[in-house]
Structures are given as structure tokens and as C-alpha cells.
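First comes the structure, then the notes that go with it.
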Amino acid sequence: MLGTMLENVRKNCPLIHNITNYVTVNDCANIVLACGASPIMADDEGEAAEITAICGGLNINIGTLNHNTISSMFLAGKKANELGHPVLLDPVGAGASKLRTETACKLLDEIKFTCIRGNISEIKTLASVGGTTKGVDADAADKVTEDNLDSVIAFTKKLAEKTGAVIAITGAIDIVADAEKAYIIRNGHPMMSSITGTGCQLSAMTTAFITANPDHTLEAVVAAVCTMGYAGEVAHERLSDKDGNSTYRNCIIDAVYNMTPEALEKGAKYEVR
Amino acid sequence: MLGTMLENVRKNCPLIHNITNYVTVNDCANIVLACGASPIMADDEGEAAEITAICGGLNINIGTLNHNTISSMFLAGKKANELGHPVLLDPVGAGASKLRTETACKLLDEIKFTCIRGNISEIKTLASVGGTTKGVDADAADKVTEDNLDSVIAFTKKLAEKTGAVIAITGAIDIVADAEKAYIIRNGHPMMSSITGTGCQLSAMTTAFITANPDHTLEAVVAAVCTMGYAGEVAHERLSDKDGNSTYRNCIIDAVYNMTPEALEKGAKYEVR
Amino acid sequence: MLGTMLENVRKNCPLIHNITNYVTVNDCANIVLACGASPIMADDEGEAAEITAICGGLNINIGTLNHNTISSMFLAGKKANELGHPVLLDPVGAGASKLRTETACKLLDEIKFTCIRGNISEIKTLASVGGTTKGVDADAADKVTEDNLDSVIAFTKKLAEKTGAVIAITGAIDIVADAEKAYIIRNGHPMMSSITGTGCQLSAMTTAFITANPDHTLEAVVAAVCTMGYAGEVAHERLSDKDGNSTYRNCIIDAVYNMTPEALEKGAKYEVR
């Protein structure tokens, strides 16, 4: 099933509108291309809604948000809702500042999201259950472990029910859930956290997957998360002891580029609860 | 001749002012350095014209334009015209939104460009001959093929005549023309389209070439287009089957860095019509 | 001693707030991660001071400044001063435009900096001793050589005294000084100047070092400068003759990622005057 999700991205080559931060935007564009979709970035009020209209899906990432881009997020999000396009929210750094928390919450209020992807601290902040955030990273206190996994799953399903979105909480263990069903994913490599923007990249790629698979949102998100995590494993195997996080970044995108549906099916490590 | 164009970039090391999008800006800066020139990026109204004045040439790229940067494009463009500096226009996504189409057309009205470089859909949009655009990529319907090549050449020459600029339409087949003479270039590799911003990079590098070769604009643009395309071939030969678009991006810039005038002369594949 | 400085970055993993240009921001984030710290970028007035407050140190880089980000620089800088956080200034392109020169000078007036890092032309501009700037690069006329080294050292110490900041002038020869003591550093490789943003990267990394070593600012800056320069040497040794500036960029960040305190102690080349 996951392989089919990837195949559909390659077959449909959806055009993805990204309103995203300037830190990781180049990697986001290249990973969208690597998985087989096509990116466009546009964040001015004067064109945001119009660009959304010619695209298949919308990725809203609030990293390095500013007052100009915030209004574009709302304009594009509403247009996407109007047209029935899938919309993803990446609440980067929600909890780190009032501006980020309030913007993320207001986006949630006014726009219907198909998927919300963040780290555990960001998602807890959105759910107003007191997550703390260490800048743009999850706080250690919030960490998902085998011990608290069941309660995190219950929390995730409840938030999915409340928002109507598929929720993806990513970290050492990833949880992807709708109101009924949760996938626990154990792909990836710890070194991925020493690259800036693997989360942003995953959000951009996930938007491509849900856009190419409109009738299987939950499975599409799972496929994207497994693709990223498994690419992180494949890429890590290529590293020599002189390589570091910069080469690793390139190798992960390369691994997505070379990912086949068969390899993904074989490499994906998940269980359903 | 093409080798001499590259040699002059390395010899003169022109300073190039880039008002460009934040998606591919880092690659633009690195490829300008790779070819032997020096980049500066500055897009605030408060300094745009002044920065242009200390540079040799100006590259205006409308990707991720916003109301702040648009006014800087006009200020810098007019200053460059006043000083007789070469100016290049890259109308990224013209046709994809009213804002981009109108901005590109207004720039064309108010500023004299030395060179305009885009994909076939963007250039058709500028010429108001009904190009369609798929986001920032050329639309399949507009594709330049051996069958429609003669008519595209005629169109390109006519637009060059109308605008007074050298026109570069790049894609699988590249056409570079002034009113009298067209170069048809067949360098490059299909995989270049899976990297974000090879077009933006080419525009930035082309600005360096036309700035370093003020009396040979047409040949300078041809040299830049051949350098990019041939670098794409050289870089592709280096790829292993585990490498993908991210490593390819690095290898192309590396290949420009290592390009010699002799290699360029040997590798360039073009005909004149 | 230098090794301990690096060790402390890895141990404390300080969170660094960067208000920096969009050209080299991704590399800045990745090198901050490579040295063991954690980056966050935020430049909107609505959150700048608040983000600073949750971080340990602040890096202000004026490349691609605009009227929105300039006010954030002041807000964040003042908050950092209030909280006693270390603040670094990278006056990118000071001297190239009135806006940059005036912004840098006003920042110096209103904010107390812990460290100022730039090329010789930028630092001379700050000191109002008539430096010239070639865009964002040092002007040849200003170049630090063995012949003028003593007078540059005297100038650096004097500026350190005047500003109360550790001054780092980097180039082929690096000078790092407070009012009393100057380190002359001879690490690095000439090819580093063909990568965009090695200076910006160094500034971001230096902020991590001074934040993790609050009682040893001078030595922390020296350690950061030596780390960057020695990483440039280590990375250069890895390059094949087909590699260029893009691969070199990745290898330098990789070398920082793999730098050990022992290797740094052994590789650092400096004298004290």
C-alpha cells in the first residue's frame, strides 16, 4: 500500500504551493522534486490565493513567519479550502513565541487542515495541553518513549478527531493517526536531528503525498513519513567517517530521489494500534 | 570564442547585484563564485540603487517577489540603465499569477534589459502570445521540439528585435537569439529539471558573463548557457546510482568551478540559424 | 584550552537566535548544529525579543537587511543586553551602502556587543577609518599582510577597547583581539573565499562558542575561528580534482561536525601578540 502512495506521487506529479520559511526552503523544494512532485513558493498577499488555485496542494509552514507572509497563509489556506485542495500545517516553533502560537491556533480555527505535522512539543502547544518548546526542537520533557507511547497515541487520536486532520507527530518514534487508527513508525536515524529542516522537508513531501492520494490521506501521510525515515537510514549507510551533517542532508534527498515503491514497502517499519 | 567569454569572467571578476528569490539564492551565489565572478544580494528600497551603482551588472529574478522587493527591482533597474550596466530579467513564473505577469511586463516597459532568460512558457507570456505556465515550469503544450523549432526561432528573434534584448529560452533545447542570429544549443541533461533553480542559477551566471563581455552580449549569453548545460553533462557522468538530485546540484556547481575555456570550447554543442 | 571551548558547546548545546540574511541562512543553521549548538531563526518585530529571551545568545548579521528585519535587530539586541546574553555583530557589506553602514553604526551605538566579526573592510568602516568595501568582500587595498600586520593589530585592540567587544577580523590572516591581547591565526585555505557565506557561518558558530563559554569570550572566539579555518584545511584535503566550491562547502560543515577537541588543539595555528 505504501508503495502505491509513492507511485501516485510520481505518476500525478502534483504541483505543491509552499508558504514556508527561508531557512530550509531550498531543501524543501529539492525533496518535493526528489519524490516526484513539483514545488512552487509564493508568499505575497498579491498572489498567494491565485498560486494556490493553480496548484494541487498547499503546505503552510510558520517558521520565519512575518506579518506579510502570515496574511498570505490565511488567504492561500482559505482558497485551498474553497477548492477542496489538501492543506498541511507545520507549526514550526509553536510554543516558542506568542506570535507563533497564536498564528498556529488562528490558522487551526479558520482553516480546515488535511494534515498537521510537527514535533511533540509543537503539537502539544496546538492542543493546549501545555507542551514546552526548545526553540524549534521538541523539549526533552515532552519526549515520546515506549513508556508514554499509549497515552501519546490516545492524545493524537483525540486531536485528530477534534481537528478532522491526520496528525503526524515525528521524532525518534513517529505517530500518525486519524480519530480511529494510529500508525507507530520506527524508521529514521538519530543523526537526522543534526540537520536543519528535516521536519520542514517532511512536511513539504507529505503535502505532495496527500495531494497525489486524495482518497487515502492517512496512508499517504504514513508513506511520506516512512519514506523520509527510511531515506534517513539508507543515506546513513552511505556515510564515511569523514562525512557529517551536510553530506548527510544531501544523501537523504538523494535517497528519496532513488526510493522505489518496492524498497519503501520493504524498508517501512510500522505497527498499527 | 566561447572560451574567451569564460576567460573574461575569470579575469574581470565582475561584481553582480542579484535581486532574486529566497528559494535558490544560495545556489545562485555559489555558481556566480564558481564561474569566477562575485555576487551581492540586496533587495531593500533603501539600498537597491546604491548597491547596483557599485556593481558591474544586475540580475532581476521575480521568483518569490513581494511588494518590498518589486519596488527595489525598479529602483535598481533604472539605476543600472542610467549607468549603462547590463541588466538581465528572469521572469520566474510569469503566467502563473497576475502579480508575476504584470510585474514582468511592467519591468519590460520601464527598464531596458540586456538579456531576458526564461523557459518557453514564461517568455511566451512576456510576449503576450498566450503561453501557459505550470507553476514555475514550462507547460508541456509549449515545449520546444525539433518540429516547432523553426517557428520558435522566428518568435525569439522577433522578441529580441522588439525588446532590444538577447533572448534566451532554455529547456531541453536552448535558443539564444538577437534580432539577427539564433544559436540552437543542445547541451544539458534531462535530470537537471529535477533540481530546483537551475534556471535561476543560469540567469545569475549569465549576468556575470554579459557583464564581463560588454561588447559581445550574444556570444556571452551563449557561453553561459553552454557552460551550464555542459556542466550538467560533466556532473551527470560523476553520479553513482545512489546519487540523486541533491548531489547532482553540488556536482553541477563543482563542474562550473572546474570548467576551463578549452573544455567549454570542446563540450559546447550548438548550431547557428 | 581551545578544545575545552568546543567541548563546552557540545556539552551545553546552547540555543542561538540568528537574525541573518536569506542567502546563507541554511548553511548557518547547519554549521551551528555541526558544532553542537541549536539554531533558531526569527526576524519579525512581533517575536524577535521574545525569541531572544528563550535563547542563550544572539547573532545579528546585516546581510540582506530590510526595514522589517532592522527593527527586529534592535529589539532583539536590546533584550539580549537586558538579559546579559552574549550578542555578536556581523556587519556584512558595511561600507557598501549607506543603509548598511548606518545600520551597523547605529547597532554599535545602541547595543553592547560581545563580539564583532567581519572582514577588514567592514571593520574599518565600523571604526570610521575609511575602509573601502567591494560589495560583501574585503577590498584589496585593505588586505591584511605580514607587512601591515602590526598596525592592524594595534587598530584591532583599539577598537576592542572602544567597543568593549572582542573583535575578529577574518581573511587570509585572522586577528582576534580584546583591548589587551591579540591572537593571530593562520588556519584556513584560500579556496574558502569561493564559497558564499563562510564568514556568515563563522559568525553563527562563534555566537555558539561565546554563549557556551561565558567566562572566556576571547578564547571562545579564537576557538571558533580556528575551528572554521582548520575545518577548511581538513575539508580541502578530501577534495578530488573534480570537486569544486559546492562540495567544498559541504565538506567544511562536515569537518566541523567531526571536529574533536583534540584535533582542534593539534590543528590550530596561532600566535599571541
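Results, tabulated for the structure shown:
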{"read-out": "Residue in region C:201-223 that is farther than 25 Å from residue A:243 by Cα, without any contact (Cβ under 8 Å) to a residue 12 or more places away in the chain and surrounded by fewer than 24 Cβ atoms within 10 Å (Cβ to Cβ) present", "value": "yes"}
{"read-out": "Meets criteria (assigned to a loop (DSSP other than H, G, I, E, B) and in contact (Cβ under 8 Å) with a residue 12 or more places away in the chain) for residue C:160", "value": "no"}
{"read-out": "Pick from region B:88-106, criterion free of Cβ contacts under 8 Å to residues at least 40 places away in the same chain and part of a strand (DSSP E or B), ranking: surrounded by the most Cβ atoms within 10 Å (Cβ to Cβ)", "value": "B:94"}
{"read-out": "Of all residues making up region B:174-189, the number that are within 14 Å of residue B:228 (Cβ to Cβ) and surrounded by fewer than 18 Cβ atoms within 10 Å (Cβ to Cβ)", "value": "1"}
{"read-out": "Odd one out for residue B:95, checked against (1) facing another protein chain (nearest Cβ under 7 Å); (2) on the phi > 0 side of the Ramachandran plot; (3) in contact with a Leu (Cβ under 9 Å, 6 or more places away or on another chain)", "value": "(1)"}
{"read-out": "Breaking point among (1) under 27 Å from residue B:37 (Cα atoms); (2) assigned to a loop (DSSP other than H, G, I, E, B), for residue C:128", "value": "(1)"}
{"read-out": "Residue B:187, sole failed condition from (1) within 27 Å of residue A:38 (Cα to Cα); (2) assigned to a helix (DSSP H, G or I)", "value": "(2)"}
{"read-out": "Considering residues of region C:234-268 that are under 18 Å from the mean Cα position of the chain (by Cα) and under 18 Å from residue C:171 (Cβ atoms) only, the residue surrounded by the fewest Cβ atoms within 10 Å (Cβ to Cβ)", "value": "C:268"}
{"read-out": "Residue in region A:147-166 that is touching a Gly at 6+ places or on another chain (Cβ under 9 Å) and either under 24 Å from residue A:218 (Cβ atoms) or at pLDDT 95 or above (or both) present", "value": "no"}
{"read-out": "Pair list, Cβ < 6 Å and 6+ apart or interchain, from region B:31-56 residues that are more than 24 Å from residue B:213 (Cα to Cα) to residues that are outside any loop (DSSP other than H, G, I, E, B)", "value": "B:43/B:19; B:43/B:69; B:43/B:72; B:45/B:71; B:45/B:72; B:46/C:99; B:47/C:97; B:47/C:99"}
{"read-out": "Extreme residue, farthest from the other protein chains (Cβ to nearest Cβ), among residues of region B:192-204 that are farther than 16 Å from residue B:10 by Cα and not hydroxyl-bearing (Ser, Thr, Tyr)", "value": "B:202"}
{"read-out": "Of all residues making up region C:236-273, the number that are of a type in the set (D, E, K, R) and in contact (Cβ under 8 Å) with a residue 60 or more places away in the chain", "value": "7"}
{"read-out": "Selection count where residues are of a type in the set (A, V, I, L, M) and buried (at least 20 other Cβ atoms within 10 Å of the Cβ), scope region A:190-200", "value": "2"}
{"read-out": "Residues located in region C:19-43, provided they are more than 14 Å from the chain's Cα centre (by Cα), within 21 Å of residue B:19 (Cα to Cα) and not aliphatic (A, V, I, L, M)", "value": "C:22, C:26, C:43"}
{"read-out": "Checking residue C:123 against (1) among the β-branched types (Val, Ile, Thr); (2) touching a helix residue (DSSP H, G or I) at 6+ places or on another chain (Cβ under 6 Å); (3) surrounded by 24 or more Cβ atoms within 10 Å (Cβ to Cβ), the condition it does not meet", "value": "(2)"}
{"read-out": "Members of region C:141-152 that are β-branched (Val, Ile, Thr) and surrounded by 19 or more Cβ atoms within 10 Å (Cβ to Cβ)", "value": "C:144, C:152"}
{"read-out": "Search result, residues across region B:178-208 that are closer than 18 Å to residue B:87 by Cβ and either in contact with a strand residue (DSSP E or B) (Cβ under 8 Å, 6 or more places away or on another chain) or modelled with pLDDT under 95 (or both)", "value": "B:178, B:199, B:200, B:202, B:203, B:204, B:206, B:207, B:208"}
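Each row is one residue, and each column tells you yes or no for (1) within 14 Å of chain A (Cβ to nearest Cβ); (2) part of a helix (DSSP H, G or I).
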position	(1), (2)
B:206	no, yes
B:215	no, no
B:227	no, yes
B:233	no, yes
B:243	yes, no
B:253	yes, yes
B:257	no, yes
B:264	no, yes
B:271	no, no
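The values are calculated or read from the model by the stated rules, or taken from the named source; none is laboratory data. Keep in mind that this is a model prediction, so the values were computed, not measured. Backbone-built Cβ (ideal geometry, glycine too); neighbour counts: all protein chains shown.
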